[in-house]
Every structure is written in structure tokens, then in C-alpha cells.
């Protein structure tokens with residue numbers, strides 16, 4: 001089998017391996033499928049020095065490769081769910097459901113009807129907190145939000161709902177835009193964090209689909225054998 005070409009800087013490799021190992025241990029304790037999947041991706045990246053995401057984006061941060069410019073980080077992902085748009089909109093808009101969807105990634109609490117407080121554990125093992133506000137909302141179509149001034153990690157995003165081709169349910173599209181702070185610290189943060197939104201967006205949508213389809217989100221919690229029920 002042909003060995004994948006390295007496209008990750010050695011520093012990023014070490015960070016990925018360290019974070020992946022720590023996250024794997026945490027996933028075994030919490031029995032979280034999402035954390036285990038992310039840990040596996042990070043460990044592969046750290047051990048091999050190869051990133052499939054970099055490959056798709058034609059990015060190479062390995063010595064002699066083409067460096068990605070530090071700056072805003074953006075990801076978009078979509079999934080089709082066999083439910084009407086209005087129903088999916090209400091499901092996402094419910095703060096309790098949003099907390100379940102983001103459960104492995106962030107703690108979400110409702111500050112007011114249009115404002116939410118978010119608390120996440122960053123890859124640096126530091127806690128980041130900020131408030132977001134809904135800036136555009138059309139029931140059954142789109143919810144757009146952005147962080148309030150003073151956020152440690154300024155961000156904005158949207159989730160949209162539109163009829164899938166041939167009326168086969170609804171296409172739910174998630175867009176997240178992160179803007180790391182400027183200066184040297186911001187450049188380091190961008191280099192270390194830019195894979196995270198891509199890895200999380202698809203997982204978040206899959207969790208949302210599971211919640212919409214079954215009313216539950218896959219987890220290994222309360223399963224002593226740590227095996228997924230089928």
C-alpha cells in the first residue's frame with residue numbers, strides 16, 4: 001500500500017498526537033462515540049503526519065510545503081433529513097435540544113430568547129466562554145447567530161433548512177465561521193484549531209439527524225460493554 005504523503009508540520013503532529021491520546025482516554029471514560037471518532041482522527045494525523053482534510057484543500061504545512069494563511073476559519077456541512085423544515089427548525093431552536101446536540105462539544109445555556117451562553121473546552125485544555133445572539137431568523141428557513149463583543153473566540157454561524165430535491169425531506173446546512181484573535185497568539189490558535197470545525201460540523205449534523213429521526217443521540221454511556229446497540 002502506498003504510504004500517504006506527509007502534509008502536516010511536525011509541531012502540529014505532536015499537538016495532534018497529544019490531544020488525540022488525551023481525548024481517547026477521556027472518550028473511554030465517558031464512553032462517547034463522538035470523542036472516540038475525533039480522537040482516532042487526531043491520532044492518525046499525529047502518527048502519520050498526513051491530513052485528509054489538508055489533502056482535499058490542497059494545503060501542506062510540512063517543511064517545504066505550502067503554508068495555510070492564518071486567519072478566519074470556516075466550515076460548511078449539510079445533511080438531508082426526512083422531516084419537514086418547520087419541524088426541524090423548531091427542534092433546533094429548542095435550547096434543551098441544542099444542548100443535547102452539542103453535548104460532547106459545548107455546554108449551552110439560555111440567557112434570553114435570542115441570547116445563548118456557550119462554554120467549551122478548547123484543545124489547549126483551557127475553558128473558553130462567550131455569549132451569542134441570534135441576528136437573523138426566519139422560521140422554517142434559517143437561524144443566524146454571532147458572538148457578542150468581547151468573546152475570546154469571535155464567531156458567527158447559521159443553520160438553514162430547505163426542501164431537498166424531489167421533496168425528499170429537508171436539507172439542513174450548517175455554516176460556522178471562527179475568527180481567532182490577532183497577533184502571534186491568534187496565528188498559533190489558528191494553526192492548531194483549524195481542523196476542529198471541520199471535524200465537528202459533520203458530527204453535529206449527524207447527532208441532529210439522529211435526534212430528529214429517533215428522538216435519541218447515539219452514545220456509549222450506560223452501556224457497560226461499550227458496544228453500540230444495533
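If you take the residues of region 76-85 that are closer than 17 Å to residue 169 by Cα and either free of Cβ contacts under 8 Å to residues at least 60 places away in the same chain or in contact with a strand residue (DSSP E or B) (Cβ under 7 Å, 6 or more places away or on another chain) (or both), which of them is surrounded by the most Cβ atoms within 10 Å (Cβ to Cβ)?
Result: 81.
Which of (1) exposed (fewer than 15 other Cβ atoms within 10 Å of the Cβ); (2) closer than 30 Å to residue 116 by Cβ; (3) at pLDDT below 70 is the odd one out, the single condition residue 2 does not satisfy?
All conditions pass for residue 2, except number (2).
Looking only at region 134-150, decide whether some residue is surrounded by 18 or more Cβ atoms within 10 Å (Cβ to Cβ), at pLDDT below 90 and not in a helix (DSSP H, G or I).
For region 134-150, residues surrounded by 18 or more Cβ atoms within 10 Å (Cβ to Cβ), at pLDDT below 90 and not in a helix (DSSP H, G or I): absent.
Go through the residues of region 183-194 one by one and say whether even a single one is at pLDDT below 60, assigned to a loop (DSSP other than H, G, I, E, B) and closer than 22 Å to residue 42 by Cβ.
yes
Within region 5-29, how many residues are at pLDDT below 75, loosely packed, with under 14 Cβ neighbours inside 10 Å and part of a helix (DSSP H, G or I)?
Matching residues across region 5-29 total 2.
The values are calculated or read from the model by the stated rules, or taken from the named source; none is laboratory data. These figures come from a predicted structure and were not determined experimentally. Positions of Cβ are backbone-derived with ideal geometry, glycine not excepted, and every protein chain shown enters the neighbour counts.
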